[in-house]
Amino acid sequence: MRVLVLSPNAAPDRLLSGLRDEGLVCDTTRDFEDLPSALALSGPYDLLVLDLACLDLAAHRAIRALRRSGSAHPVLVVCARVDASDEAAALHSGADDVLRHPLSFPVLHARIQALVRRASGYASARLVCGNVTLDQELHAVFVDGRRVPLTGREYDFLQVMMLHKGVLLTKERFLNGLYADSEETPDLKIVDVFVCKLRRKLAACGAAEMIRTVWGRGHVLFDPSPAAVAEARAAHRPEEAPAEPAPRGWERRAEAVRLSA
């Protein structure tokens, strides 16, 4: 996920470090006035985090202005000092959640995932499309209960699609999310490679086709029909499914055992 952190007082080094350790891509801004342009021009972002010393009038005005502009970004407020009335006022202004320092970063990450899921129409950590389930808690993908052997990047790619089901995503959108923390951005053709590999691996495990390519524009995830799911299940041959990748070093140990036998 890609997050915009607004901290008007000081650089939120500990917060940024904790979020990045949890695998989130973070950008920063310091001025409430710059918030609309940052969201519009530097994104797309999955979530906005306001890192504040206290919930003052400027923060409430910024949140209300964001909602009046039509922004549906989930807003998480993190405060050093906050009382019950301030917390209620922030939620009434349009914030989705309010947390206090000090933070537990695994809990913060779980809350962020929950906010983004709900904004995308999902109620739990299990994202479902057809007979494919992506479990954010297990960080795994299943087809009718069978685990699909995906790499980390392939999992992230599919997660982006499932969190934006029904939305046409451009190749630039994928790269901005998956490689925003990398010094070098790969060629746009890498998106076609990911789509090809995902289609092959999902189909080999019995999944119905659920990724549609709009040539020249991007890709969109859609819910396959019940008939398409039934047809994919009937055509599934377990012996053709890709094997789970062997643990690192396993091949070398297996070869040593074979030679010593």
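The values are calculated or read from the model by the stated rules, or taken from the named source; none is laboratory data. Given the structure is predicted, the values throughout are model-derived calculations rather than measurements. Reconstructed Cβ throughout: ideal geometry from the backbone, glycine too, with neighbour counts over all protein chains shown. Just so you know, the surface numbers come from the protein's heavy atoms only, side chains and all, with ligands and any DNA or RNA stripped out. Shrake-Rupley method; radii C 1.70, N 1.55, O 1.52, S 1.80 Å.
Within the stretch 123-140, the set of residues being in contact with a Lys or Arg (Cβ under 9 Å, 6 or more places away or on another chain) and under 21 Å from S225 (Cβ atoms) comprises L127, C129, N131, T133, L134. Each residue in the stretch 1-51 was checked for being free of Cβ contacts under 8 Å to residues at least 60 places away in the same chain, touching a strand residue (DSSP E or B) at 6+ places or on another chain (Cβ under 8 Å), of a type in the set (A, V, I, L, M) and open to solvent by 10 Å² or more (accessible area, probe 1.4 Å), and 4 pass. Scanning the stretch 35-52 for residues that are among the aliphatic types (A, V, I, L, M), at pLDDT below 80 and within 19 Å of the chain's Cα centre (by Cα) returns a single hit, A40.
Can you give me the number of residues within the stretch 101-127 that are aliphatic (A, V, I, L, M) and either more than 18 Å from M1 (Cα to Cα) or touching a Cys at 6+ places or on another chain (Cβ under 9 Å) (or both)? Counting residues in the stretch 101-127 that are aliphatic (A, V, I, L, M) and either more than 18 Å from M1 (Cα to Cα) or touching a Cys at 6+ places or on another chain (Cβ under 9 Å) (or both) gives 1.
Within the stretch 86-112, the only residue that satisfies the criterion of being of a type in the set (A, V, I, L, M, F, W, C), loosely packed, with under 13 Cβ neighbours inside 10 Å and more than 21 Å from L16 (Cα to Cα) is A88.
Regarding the stretch 121-137, can at least one residue be identified that is over 23 Å from P74 (Cα atoms), open to solvent by less than 20 Å² (accessible area, probe 1.4 Å) and in contact (Cβ under 8 Å) with a residue 24 or more places away in the chain? There is at least one residue in the stretch 121-137 that is over 23 Å from P74 (Cα atoms), open to solvent by less than 20 Å² (accessible area, probe 1.4 Å) and in contact (Cβ under 8 Å) with a residue 24 or more places away in the chain. Against the conditions (1) within 30 Å of R153 (Cα to Cα); (2) open to solvent by 60 Å² or more (accessible area, probe 1.4 Å), L115 satisfies every one except (2). Residues that are within 20 Å of T213 (Cβ to Cβ) and of a type in the set (K, R) within the stretch 111-165 comprise R153, K165, listed in sequence order. If I filter the stretch 144-164 for residues that are open to solvent by less than 30 Å² (accessible area, probe 1.4 Å), farther than 25 Å from S71 by Cα and small (G, A, S), do I get at least one hit? Among the residues of the stretch 144-164, not one is open to solvent by less than 30 Å² (accessible area, probe 1.4 Å), farther than 25 Å from S71 by Cα and small (G, A, S), which makes the answer no. Among residues of the stretch 60-85 that are buried (at least 20 other Cβ atoms within 10 Å of the Cβ), those with a Cβ under 6 angstrom from a residue that is polar (S, T, N, Q), sequence gap 6+ or separate chain, pair up as I63/S93.
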